[in-house]
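Read-outs throughout are calculated quantities, based only on the coordinates presented, and are distinct from any laboratory measurement. A quick note: this is a predicted structure, and the numbers were derived from the prediction, not measured. Every residue, glycine as well, gets a Cβ built from its backbone with ideal geometry; the counts of neighbours run over all protein chains shown.
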Amino acid sequence: MSGHAEALSKEQLWSGGKSPFSISYGKMMMWYFLVSDALTFGGLLTAYGVIRHASADPWPVGEQVFESLPMLHGSYPLIYVALMTFILIISSVTMVLAVEAGHRMDKKGVIKWMGYTFLGGVFFLGSQAWEWSHFIHGSGGGFQLSAPITVNASDDHGGDVSMSLNAGNWVHMTSDLGHAYEHALEHGDKVEIANGQMMITSHASHDDHGHGGHGHEADAHAMASTTTAYPLELVLNKYTLEHKDGKDYRKLTVSGAEAEKLMKTMAPNTVVFGANLKKNEYAVQQQYANFFFFITGFHGFHVLQGVIINLIVFLMAYRGVFEKRGHYEMVEKVGLFWHFVDLVWVFVFTFFYLV
Amino acid sequence: MERDDLIVNDSYSVNARHSEEEGKKIRKKLYMVTVFLTAITVLEIFMGVYFKRNGTFMWETIKMSFLLLTLVKAAYIVLIFMHLGDERKNLKYVVLLPYALFILYLIFIGLYEGLSVQNLNNTFG
């Protein structure tokens, strides 16, 4: 029984009349493509590893950089990326269920599960787009110091730490303060640092003369302006971890007079908010952001390709192309691609966010 | 040597078909694997949030276990979801062995060279 060749129709067998591994040409080539793509991603992740291990400065910590949820304030370390991972794994499961339905020639099942897979992919893409947008927008920005300085900071247990900083060290702003400061800089508003606060005076953008003034007050101000005060709250080691005196220090807050000292030692041309094509606020090692965009972007691009191909195959199944063909092997082949995308994400998630 | 290009027992991939009962068993297995993968992911997240990075041996162990858990997840996805486990042995080897060898070497070289650069940075930089 073994070693006895089946007589199959010519279009199913490869040109030589046989088939290595009992597998169709399309599936074999899909596996070869996946190996080559896996090598590409492997190379990218290894490059990330090399740059990271070559750096003498502390590298950003995943759960400190990625801790926001859409439309919510507060710190939810890694929750959103966990949700994204879960969505992608579930879409992989619905994909394999579609393949299983295809093996039973169950057209309705295939359509249902491919539909869910498509939705999962779209959700993942949307989530990744939000992550990028939030990363680019930033969480308050930061600046570098122009001279060495020693300040008192407090950690999240309320304990006090004396930090000696050097010129070039990064200091970050909390979200509220940083966004207000960014706004003020963009609009050319007046910024004053005093009494442990930042006073921002914004000019109203309408005409100088108030119409139909309200008594004597109309003469006092030629141009209406409002001054808002923001309490100074700066963060040291916002994205990194420092081992000092036998303890780990992360996200140390500096406020009041100490924060004023830091603001006055700011090197003004080093202020940066979020990430742009030139600078980013996330690390001394500017490549951190570059790798984030490149690796997750390249992966996201693959997800997009997968989503498009899934949609096409979904429509083909819907129109009965596979029923006519007699087999749902195309679903299996795109399934392989989709699982590969999920697999890469598992590795990116581990190396970028966890470790 | 066994010829691997002959179709045996109608096992050609295009003809791969199974009945409803077999389908039930297969789906059950898929659901079990899903739960398992989700459990591992939840464990990894918990570890990632709870254990902070520092220079201690504990952290190195945690890092190693992240890698191991990821490899376990990868193995389950490739062997069961991508059905590589159901394919011929030779196909499994053709896909996995070159990749494994190359990646192991790449990782070794990457870390070795990276640490060397760090060392040089610390000494001269």
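Key figures for this structure:
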| read-out | value |
| --- | --- |
| ³J(HN,Hα) computed for each position of segment B:24-39 - Karplus, 6.51 cos²θ - 1.76 cosθ + 1.60, integer Hz, glycine/proline x | 4, 5, 5, 5, 4, 4, 4, 5, 4, 5, 4, 4, 4, 5, 5, 4 |
| Percent of alpha-carbon pairs separated by more than 39 Å within the protein assembly as shown | 39 percent |
| Within a Gaussian network of chain A (alpha carbon springs, distance under 10 Å), most fluctuating of A:114, A:29, A:330 | A:29 |
| Coarse-grained scattering of segment B:72-125 at q = 0.28, 0.31 Å⁻¹, given as base-10 log I(q)/I(0) from a Debye sum over alpha-carbon atoms | -1.02, -1.09 |
| Theoretical ellipticity at 222 nm over chain A - DSSP helices of four or more residues, -39500 (n - 2.57) apiece, nearest 500 | -16500 deg cm²/dmol |
| Computed over segment B:19-86, Cα set: Rg, Dmax in Å | 15.9, 55 |
| Percent of Cα-Cα distances greater than 24 Å, calculated over segment A:12-114 | 58 percent |
| 18 Å Cα-Cα threshold exceeded, pairs from A:251/A:279; A:190/A:278; B:29/B:63; A:190/A:264; A:27/B:92; A:238/B:52 | A:251/A:279; A:190/A:278; B:29/B:63 |
| In Hz, Karplus ³J(HN,Hα) per residue of segment A:311-326 (6.51, -1.76, 1.60; θ = phi - 60°; x = Gly, Pro) | 4, 4, 5, 4, 5, 4, 5, 4, 7, x, 4, 7, 4, 5, 5, x |
| Neighbourhood charge, 13 Å Cβ-Cβ cut-off, centred on residue A:321 and excluding it, Lys, Arg +1 and Asp, Glu -1 | +2 |
| Computed Rg/Rh of chain B, alpha carbon atoms with Kirkwood Rh | 1.13 |
| Range in chain A, longest, excluding exposed trypsin sites (Lys or Arg not before Pro) [loop by DSSP; at most 15 other beta-carbon atoms within 10 Å] | A:19-277 |
| Solvent-free Debye scattering, log10 I(q)/I(0), computed from the Cα coordinates of segment A:257-340 at q = 0.15, 0.18 Å⁻¹ | -0.72, -0.85 |
